[in-house]
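Have a look at the structure below before the remarks.
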Amino acid sequence: MNFIYESDQLLSQYLLFHYGEAQDVLPFAFGPRDALDFPLRCVRECVDRSLLHGNATGLDIGCAVGRGSFELARLCESVTGIDVSHRFIMAAIELKKNGRLGFDRVDEGVLKSRCIGRVPADIDRRRVHFEVGDAHNLRENLGLHDIVLASNLLDRMGDPGRLIQRLPTLVKPGGQLILTSPYTWMEEFTPHGKWLGGREADGEKIYTFDTLKSLLAPNFKLHRTLDLPFLIREHTRKYQWSIAQATVWVRG
Ligand SMILES: C[S@@+](CC[C@H](N)C(=O)[O-])C[C@H]1O[C@@H](n2cnc3c(N)ncnc32)[C@H](O)[C@@H]1O
């Protein structure tokens, strides 16, 4: 288990990543603005609304501090957000309760400034429930959902294949599965033998997208793919700019 997601540093980074105003994240006249608001875009750009009905439900696995779960609540009557990090889930629960949460953003060295994260006022926060859980071993009674989102989770798991195996029991027939990942495989999170791609086996190059297609094919049809940039601010003058591949699958 990797505990970096329990640290002050990552909590602050993710609160800013999920809830920061554009000006708080990227206060320069230049830079990749289309990489802002990633959790919002995971829902707005990936979900196919034409496949939804009136009382849809959603599941956000690896929800972190919960913005994607709140965005799903615009489309779903109830949403469950699950993450292995107790601190992230405590923050998400606070945001559900009060609609806002103060946090310290790192500016330079140990210098910080105060920011407030806010859930958009037009989202019904009562629709969202957060809980701590491990994506390797999700509770049995999670139910079947119209939308299952796992954004930037697979390459942070010890054994992502276990979640892939469990997915058919979480998505309703006709429901949507949205996976996003920059496929940044690292031994720090995932032992090399469990990487879904980014490695060679028997002299063949293995790419994550191909592995996903073959593992999901028995139960899901590939609906579409998108490139989704995202920007994580480390401090005033240092950012991680990445491009996740979003793959949207429909359960057969
Ligand atoms: C890179 S972050 C992505 C968070 C969020 N989905 C997003 O797109 O911003 C990975 C998240 O997965 C969580 N995570 C890592 N391993 C997990 C596991 N086994 N079960 C549930 N959550 C996990 C981490 O705590 C962290 O919140």
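The values are calculated or read from the model by the stated rules, or taken from the named source; none is laboratory data. Keep in mind that what you see is a predicted model, and the values were worked out from it rather than measured. Note: ideal-geometry Cβ built from the backbone for every residue, glycine included; neighbour counts use all protein chains shown.
Numbers for the structure displayed
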item: Residue match in segment 237-245 (condition: assigned to a strand (DSSP E or B), closer than 19 Å to LEU177 by Cβ and under 21 Å from the mean Cα position of the chain (by Cα)); result: yes
item: Residue among ARG233, ARG199 that is away from the ligand (no atom under 16 Å from the Cβ) and either in contact (Cβ under 8 Å) with a residue 40 or more places away in the chain or not polar (S, T, N, Q) (or both); result: ARG199
item: Within segment 1-29, considering residues that are buried (at least 18 other Cβ atoms within 10 Å of the Cβ) and within 18 Å of ASP155 (Cα to Cα), the one farthest from the ligand (Cβ to nearest atom); result: LEU10
item: Only listed residue being under 14 Å from the mean Cα position of the chain (by Cα), outside any loop (DSSP other than H, G, I, E, B) and at pLDDT 95 or above, chosen from LEU59, LEU10, LEU16; result: LEU59
item: Selection status of GLY68, in a helix (DSSP H, G or I) and either small (Gly, Ala, Ser) or within 12 Å of the ligand (Cβ to nearest atom) (or both); result: yes
item: Failed condition for ILE61, given (1) surrounded by fewer than 19 Cβ atoms within 10 Å (Cβ to Cβ); (2) touching a Leu at 6+ places or on another chain (Cβ under 9 Å); (3) under 28 Å from HIS136 (Cβ atoms); result: (1)
item: Identity of the residue in segment 139-179, polar (S, T, N, Q) and under 24 Å from HIS53 (Cβ atoms), that ends up nearest to the ligand (Cβ to nearest atom); result: SER151
item: Residue check, ARG41 over 17 Å from ASP124 (Cβ atoms), basic (Lys, Arg) and either away from the ligand (no atom under 16 Å from the Cβ) or in contact with a helix residue (DSSP H, G or I) (Cβ under 6 Å, 6 or more places away or on another chain) (or both); result: no
item: Listing of strands (runs of 3 or more DSSP E) fully contained in segment 76-193 that carry 2 or more residues being of a type in the set (D, E, K, R) and either at pLDDT 95 or above or more than 29 Å from HIS223 (Cβ to Cβ) (or both); result: 100-108, 111-118
item: Residue list for segment 202-214, restricted to those being in contact (Cβ under 8 Å) with a residue 40 or more places away in the chain and either in a loop (DSSP other than H, G, I, E, B) or in contact with a Gly (Cβ under 7 Å, 6 or more places away or on another chain) (or both); result: THR208
